[in-house]
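Some notes on the structure that comes next.
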Amino acid sequence: ACWTCKSTDVPRVMNERGVAEFYKDKWDHLGDQVVNPIGCQDCHDNKTMNLRITRPALVEAFQRRGKDIKQATHQEMRSLVCAQCHVEYYFKGKEEKYLTFPWDKGFRAEDMEAYYDSVQHVDFVNTLSRAPILKAQHPDYEIYKTGVHAERGVSCADCHMP
């Protein structure tokens, strides 16, 4: 699952192996198949250059919220392509390690905490205090989504890909 946002080869390997199998596999088992860095085709159709979503975790998160990502406007897509990777996530299941975005209850920190509480997810337990701990990854899209830029219709690409 750690390869998911590291290479343009990922969608091909996911299609060949299946998404769940891809997530379950070990990093070193895929090394000879995942050799290219992130590139244009991660966010753009290589024939039309239209924006596209190539990572299933984003589509699945929208589906769980009752939304169809295919209905997104071009301006929304200018942030959603970033949200394929620049997000809070966790690996659901001890064996499956299925990449999941914790957005079922919303995008705010307290919404994600409530989600994690509802599924009883813990990233690790402190060895001294025994306190269960969540490790925030990089919730860039969530911070954007709950901020003034999204409220005003500014996309990630407006500033970061001018």
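Throughout, read-outs are computed from the coordinates displayed, never taken from laboratory work. Remember, it's a predicted structure, so these values are computed and weren't measured experimentally. Cβ atoms come from the backbone with ideal geometry, glycine included; neighbour counts cover every protein chain shown.
Miscellaneous remarks
- Largest-first principal axis extents, alpha carbons of the chain, Å: 53, 43, 27
- Relative contact order computed over region 74-121 (Cα-Cα under 8 Å; 6+ residues apart), in percent: 20
- Alpha-carbon centroids, region 43-86 and region 137-159: separation in whole Å: 15
- Distance between modelled label sites at D25 and A114, nm, 7 Å Cα→Cβ extension: 3.8
- Alpha carbon Rg of region 107-162, scaled by the compact-globule rule 2.2 N^0.38 Å: 1.52
- Inter-probe distance in nm under a simple model that places probes 7 Å from Cα toward Cβ, at H44 and K105: 4.0
- Contact order for region 85-162, expressed relative to its length and based on alpha carbon pairs under 8 Å spaced 6+ residues apart, stands at 28 percent.
- By the Cβ rule of 4.7 Å, the chain holds the following cysteines without a possible disulfide partner: C2, C40, C43, C159.
- Using a cut-off of 20 Å between Cα atoms, the listed pairs K6/K26; K6/K94; K67/K105 include K6/K94 as exceeding that distance.
- Paramagnetic label zone (point 7 Å from Cα along Cα-to-C-beta, D123; backbone N under 17 Å) in region 134-150: 134-143
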